[in-house]
Amino acid sequence: MAMVFTVRETLEKMQHTDPDLRYMALSDLKNELKNGLKPRKGEKELIQRYLFELLDDPTSDVQGMAIQCLPLFITEAASARLAAEAVSKLCELLGPEARPGTIGRDQIMSDSDIQLSGSRTIQSIAFLLLKSTLDGLPVKGSVTIAVVETLAKYLMSIGLSDSSDSKHHGIRVDSLELLRDMLAKFQSPMAQFYDDIARELLGMIDATQAIRRKAAACIATLSTVCSSELLATILSELIDPLSNQTMSTDKLSNRIQYVGTITKSSAHKMEPEHLSIAMDVIFSSMADLGSDDLDFFEACLLTLESIAAKNPSEFLKKLDPALELLTRCAKYDPNYMDGGDDVEDDDESMFDEDSDNGLLYESDDDDMSWKVRRAALRCVRTIVWSRIMPVDVMYNTLGLLLLSRLREREENVRVDLYATFADVLKEGGYANKKREVPGDRMVEGSDFADQSSEMGEKIDSIVLQIREAAPRLASTVKKDLAGKPGKAALSTVCVLLELASIDPEHMAGVLTPLIPELESCITEQNVQVKSSILVLVSRLHLADVSIVPFLNLPLRAVEDRFYKITAQALQLCAKILSATHTGPPDLKASTKNFTLKVHEISKERVVAAKQDSEVRQAAIEVLGVCVANYAEVLGNQTAGETVGLLCRRLNSDVTVLAALKEVDRIAESPMAGLLLPMVQELETTVTKLLRQKNVDVRRAALQALLDLVPDLPRKADTELLREVSKVMTEDELRSAALAMAVVTELVSTRKISVIHAVADLAWDPFLKLASSSLPQGQILEAMSSLLKALAENEGVDSALPVTRMLSDLSEIGVKQISDDKRLNAQSTATCVSVLVRESRIGLNLLLTEDNLSNLQGLDMEKSSSRRIFLLACIADLGRSAARTSEAFPEPLQEIVLKILLDSNEEGERSMAALALGAICSNDRNKGIKFFIDLIREIPEKRYLLLTSLKETMIVMEREYVVEYGRELLPILLAGDETLSDASDANGASTAKDAGKDSLQTATAECLGQLASADPSVLDKLEQIYLDSSKSAMYRAPLVLALKYAVLADRGVTLDERLSQRVLALENLLPGPETIEAAEAPVVRAAVLALDAVMRTRPAVLIENSSRLFPRVYQLMKRNHRLEREIDRGLFLLQEDDGLDIRKVAFVLMGSVLARAPRLLDVPAYTELLASGLTDDTEVRVLAQLGLIDILRSPCSLGVLPCLGKIVEALTQVLGAKVKENAVVQEIERHEESLRGALRVVYAMEQFPAASSEPSFVGLMNDVVKTPAIEARYEKLLEQANPIESDHT
């Protein structure tokens, strides 16, 4: 029977003479405290008193358990008063007057000062107890405040800076460690002591080394949590005396070390003048490296590194002297003498093989000069990471410096040298250069998006230099590859990997002599080196370089004892075999032995009884590739046996997915005949897999069936259709699309014989999908393909005639219109247009007498859902690139025009406008001319007619657009009174017709289409919109036309003068003091045009970004000049004319971040994002997305200077409360704002440099972990890190 814990019995046992009972009582008490024991008031005092008494217990085990229990009691069960008393007593024990008692040697907790012969003093016991108490305290609470204030008052009272008594050295060290813990964790209760703490810490600047280091750590922590004013005071005390020329070297070194620790944690908070003075002192102090104070030199360089990492914008101001210093320090080696500079002494290359002849080294085992060189290289690496240098400058300075140091003799330094060189190569963006898609004008994700043609020439020159240096580099790193396992080999392989990314064709030849060393690494080095070598081979393979000489590397790795390497090697082998079989015959012949060996090893791995699942799956992939591409090499018998093995693996839950993919690979290949002997069994097995809950397995099974359909027995078609139709649901649209593809293949191969089964089993699921949530993308394409196959194979007595399909789809579309699901109806209309195009009777299928009667005979006073759907179908027919070759009947144009002119329903008029544009696009000779005449005749319907005209221009060939452009342009450039929403009758009608989409946008779209066909139109538009005498409402659509011209793609280049046009937009971006509300539409249009250029032709903005982007930054700020109040009688309406400008400005800079991050002023941009977090709801969403993107980008270090503002804004957003009388929309906006802010918090938590900042830690503890927010955050974490279901 389990014993019941009672406090009374436990207290009695704690006083028992038997040490075992005392120990058991303490153990029980410890467990109960962990489980939330809450003693009564009188019991708490007794527990605390007895625990203090047991600290002197003669039995070491009892002492140890008491030491573990006391902190738990203070943090979990004690009242604030008792906790303060306990800490006061521990402070007395820690203090100078404590008695020298000892505790047993069995304690595993270590003392920071005294540990002699396994025993420790009572001071060390008190230190350990206080440290454990601080670790267990929550961030907030009455107990926390009592403990922290009591301990802080004690620490301030003992005179930490008083170094007169050397006997108290250990107490001061321990006290400083406790102080640092409190500063880092308890910001609120410690804030009242910050000034006293700073004074004490500054007084220790010339103390002993141990105390000085602890004090420096404390002051670094204090700098992260204190106010900017206090930080400035601390830095003034430290930095101002540095200019004193008479200061001793030791004192200068001490101050530099203090400054270094502060810059490491808070350089982003330091004032520019303090950073400038500190760097100048470092440069002057290190002007002569003749002294032997290596620790001082290292501290100076680490300080520079911290500044470069935390405040790159200020470091950039001192870049030239910093590079000069780093160059000297990277070469600093007093024991290395060659009588001159080791970069290039004469006209011969520095990479001459004989350049090492005659070098002299002074052997000195105590030589520590390598620390200076390593610190310099680390600073160089931080400069590379911070991206403060242009690519060409970085290569011509840092790159050449690193290349000149390849003769580095110290392994520790070589590790950093290679790692830094690899980063320099990577930052150039060469990894993606060889993989750009030719002609891809979007250049999304390309690191070359921010490089002009001039920059490209500079980079090509750098590539040439690296190519010349590569042979020497390869011979230099050879010894590190052949050496003992370690970091040097890994760094070496990383450099080779980046070089292979830059110039794989050349590097393949350079790397060939290193193959023996690489083979040695693949068998003897650690896992990281092996993995990197495999990535190197993969990089060469992806660049279409012949890797036949390197095939032995993955072959050796396949037999590695670590499963991760084996799996990676097998996956690489599969990729190589997949690619080489399409090469020339001699390449395929050279890989014959490789294929046989890999196949044999993979087969052994698949059938092995004990094998890791990842390895087995990779081996299955290799077997599938071998059978599909190398069956003649394996032989028919071996290939057949392998196919049988793959089919058997379909019955294993672990390998079913991999086996399905390989069966599908074989079915797609010329070796599909190998599956025929077992095709019936395959169909049964794969069809059963459609019932699996695992989505990936279902998709793979459908894909395999899709390729197996031509060879499947026809007698099983009905059963196959039944199972496949069950997958055609909206629960998982990708699987539904694959299922429809299988049905389409059945219809295409079986023809009329399977139509009846499709009508019975698949048509109803198809209709449910058509009427479900918006079908688009892959699912809509699958639906269209199935309808096309059904229409093409319609028989005389078909069970599923085209008329039935059209009728069923029409009913769905009409219902969607009635339910106000217009987007869904658009997709259904697309399906109907497929049937019309593919049917034998063409347009007559749609334009029946009933439908034409519906279009023209119904009362225009009433809206007709059927009429709107018919118009949608006509619009889709005209818009489709593969539209029917039949011309629309002439009466149809008149009918649709009548609806456009006479209907009273806005949605009906809008759809009629699209349909009219589609109809007129079929008439090349009169299409545009028809609208020109109508716009002149009916100016009050200008918006709708322009919408129709745009549809016609999109579809019509370029030459026809240019032909009528001369007549159309003056109409589009109509007078100011027409384009602005004037108050006259026509203007009011126009505004009414425009509805949500403005007349200005419709005009801009038509002008953009015209300009895309005839770029000379842009010259005329530019002359007009730069004329400020015309109204903004008139000029805005002309500016916006540039956006639509850039986005349109008619095969006409706009780039010849696009750079000048973009620069001209600078005149439309006023400063914050000159912008007027009336000009807001023009400014917004200009920013939208810049965004379109950024998304399609980012290189155009390179030369002009320095002039344009500062203005855009100003537009991202809230401008009170654009805010006004409108008196509505009963209330005042707040209007912000700058809101739309801010939104598009945020969108533009987000595009810059995605495509050309080097163009950003990251600190300035981040500060604007922080201010956007508390802006209007729409701006807030954009700011949240921008922060998430920049935290995940290579520019993330630039966020640090603005971290405090981000945390402050997040605190404000997360602490906001919704009004009690808020409407539903306000509540939804509030919830979305909270979710967005928490997404930013999550992104910051994944960014180490930000997540460790005390301000962010305070946000997490004080705000995010409150009950109101914590549940939301946990839900967000579940969505961000979903636990994968166990499919096995």
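The values are calculated or read from the model by the stated rules, or taken from the named source; none is laboratory data. Everything numeric in this text was worked out from a predicted model, so none of it was measured. As a convention, Cβ positions derive from the backbone with ideal geometry for all residues, glycine included, and neighbour counts pool all protein chains shown. When the accessible area is computed, the model is the full protein with side chains, heavy atoms only, and any ligands, DNA or RNA have been set aside. Shrake-Rupley method; radii C 1.70, N 1.55, O 1.52, S 1.80 Å.
Computed values, structure above
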read-out: Matching residues in the range 516-531 - criterion: being open to solvent by less than 20 Å² (accessible area, probe 1.4 Å) and either under 17 Å from Ala474 (Cα atoms) or of a type in the set (S, T, N, Q) (or both); value: Leu518, Cys521, Gln525, Val529
read-out: Single residue of Lys661, Lys693 found to be surrounded by fewer than 21 Cβ atoms within 10 Å (Cβ to Cβ), among the basic types (Lys, Arg) and closer than 24 Å to Leu596 by Cα; value: Lys661
read-out: Matching residues in the range 620-632 - criterion: being buried (at least 19 other Cβ atoms within 10 Å of the Cβ) and either over 42 Å from the mean Cα position of the chain (by Cα) or farther than 23 Å from Leu676 by Cα (or both); value: Ala631
read-out: Tally of residues being among the hydroxyl-bearing types (Ser, Thr, Tyr) and at pLDDT 70 or above across the range 153-169; value: 3
read-out: One residue from Leu222, Leu178, Leu201 being under 27 Å from Leu70 (Cα atoms), open to solvent by less than 30 Å² (accessible area, probe 1.4 Å) and of a type outside the set (Val, Ile, Thr); value: Leu178
read-out: Within the range 988-997, considering residues that are crowded, with 19+ Cβ neighbours inside 10 Å and out of contact with any Lys or Arg (no Cβ under 6 Å at 6 or more places or on another chain), the one modelled with the highest pLDDT; value: Ala994
read-out: Subset of the range 649-669 (residues that are assigned to a helix (DSSP H, G or I) and either among the aliphatic types (A, V, I, L, M) or without any contact (Cβ under 8 Å) to a residue 24 or more places away in the chain (or both)); value: Leu650, Val656, Leu657, Ala658, Ala659, Leu660, Val663, Ile666, Ala667
read-out: Hits in the range 631-656 (condition: within 20 Å of Ala704 (Cα to Cα) and among the hydroxyl-bearing types (Ser, Thr, Tyr)); value: Thr642, Ser652, Thr655
read-out: Qualifying residue in the range 121-137 (condition: at pLDDT below 80 and either part of a helix (DSSP H, G or I) or open to solvent by 20 Å² or more (accessible area, probe 1.4 Å) (or both)); value: yes
read-out: Residue within the range 27-45 that is among the small types (Gly, Ala, Ser) and buried (at least 21 other Cβ atoms within 10 Å of the Cβ) present; value: no
read-out: Single residue of Leu646, Leu682 found to be in a helix (DSSP H, G or I) and touching an Asp or Glu at 6+ places or on another chain (Cβ under 6 Å); value: Leu646
read-out: Search result, residues across the range 688-702 that are basic (Lys, Arg) and either assigned to a loop (DSSP other than H, G, I, E, B) or farther than 18 Å from Glu621 by Cβ (or both); value: Lys688, Arg691, Lys693, Arg698
read-out: Cβ pairs under 6 Å, 6+ apart, first in the range 956-971 and under 20 Å from Tyr943 (Cα atoms), second hydrophobic (A, V, I, L, M, F, W, C); value: Val961/Met953; Val961/Ala1013; Tyr964/Ile928; Gly965/Leu1010; Glu967/Ile932; Leu968/Ile932; Ile971/Ile935
read-out: Qualifying residues in the range 624-642 (those that are among the hydroxyl-bearing types (Ser, Thr, Tyr) and out of contact with any Cys (no Cβ under 8 Å at 6 or more places or on another chain)) - the one modelled with the highest pLDDT; value: Thr638
read-out: Top-ranked residue of the range 8-23 - restricted to ones that are crowded, with 17+ Cβ neighbours inside 10 Å and of a type outside the set (Ser, Thr, Tyr), ranked as farthest from the chain's Cα centre (by Cα); value: Lys13
read-out: Residues located in the range 1054-1104, provided they are of a type in the set (Ser, Thr, Tyr) and either open to solvent by less than 10 Å² (accessible area, probe 1.4 Å) or not in a helix (DSSP H, G or I) (or both); value: Thr1074, Thr1096
read-out: Of residues in the range 278-333 being of a type in the set (Asp, Glu) and crowded, with 18+ Cβ neighbours inside 10 Å, the one farthest from Leu235 (Cα to Cα); value: Asp333
read-out: Hey, Glu32 among the acidic types (Asp, Glu) and at pLDDT 90 or above or not; value: no
read-out: From Glu781, Glu849, Glu838, residue being without any contact (Cβ under 8 Å) to a residue 40 or more places away in the chain and open to solvent by 10 Å² or more (accessible area, probe 1.4 Å); value: Glu849
read-out: Residue within the range 1146-1158 that is among the aromatic types (Phe, Trp, Tyr) and buried (at least 17 other Cβ atoms within 10 Å of the Cβ) present; value: yes
read-out: Candidate set from the range 929-957 (those that are more than 23 Å from Glu906 (Cα to Cα) and not in a helix (DSSP H, G or I)); member that is most open to solvent (accessible area, probe 1.4 Å); value: Glu957
read-out: Residue check, Ala882 farther than 25 Å from Glu963 by Cα, of a type in the set (A, V, I, L, M, F, W, C) and either at pLDDT 90 or above or under 42 Å from the mean Cα position of the chain (by Cα) (or both); value: no
read-out: Helices (runs of 4 or more DSSP H) wholly inside the range 726-785 containing at least 1 residues that are among the hydroxyl-bearing types (Ser, Thr, Tyr); value: 733-750
read-out: Which listed residue, of Leu1169, Leu1122, Leu1148, Leu1182, is closer than 24 Å to Pro272 by Cβ and hydrophobic (A, V, I, L, M, F, W, C); value: Leu1169
read-out: Matching helices (runs of 4 or more DSSP H) fully within the range 464-581 where at least 1 residues are under 29 Å from the mean Cα position of the chain (by Cα); value: 487-502, 504-511, 527-542, 563-580
read-out: Check on Thr1174, modelled with pLDDT of 90 or more, within 26 Å of Leu1234 (Cα to Cα) and in a loop (DSSP other than H, G, I, E, B); value: yes
read-out: First in the range 886-909 and open to solvent by less than 70 Å² (accessible area, probe 1.4 Å), second anywhere and of a type in the set (Ser, Thr, Tyr), Cβ under 8 Å, 6 or more apart; value: Leu900/Ser948; Ser903/Ser863; Glu905/Ser863; Gly907/Ser863; Glu908/Ser863; Glu908/Ser864; Arg909/Ser903
read-out: Breaking point among (1) in a helix (DSSP H, G or I); (2) open to solvent by 70 Å² or more (accessible area, probe 1.4 Å); (3) modelled with pLDDT of 85 or more; (4) over 30 Å from Ile817 (Cβ atoms), for Leu708; value: (2)
read-out: Pairs, first closer than 9 Å to Ala567 by Cβ in the range 607-619, second among the hydroxyl-bearing types (Ser, Thr, Tyr) and assigned to a helix (DSSP H, G or I), C-beta under 6 Å, six or more apart; value: Asp612/Tyr563; Val615/Tyr563; Val615/Thr566; Ala619/Ser602
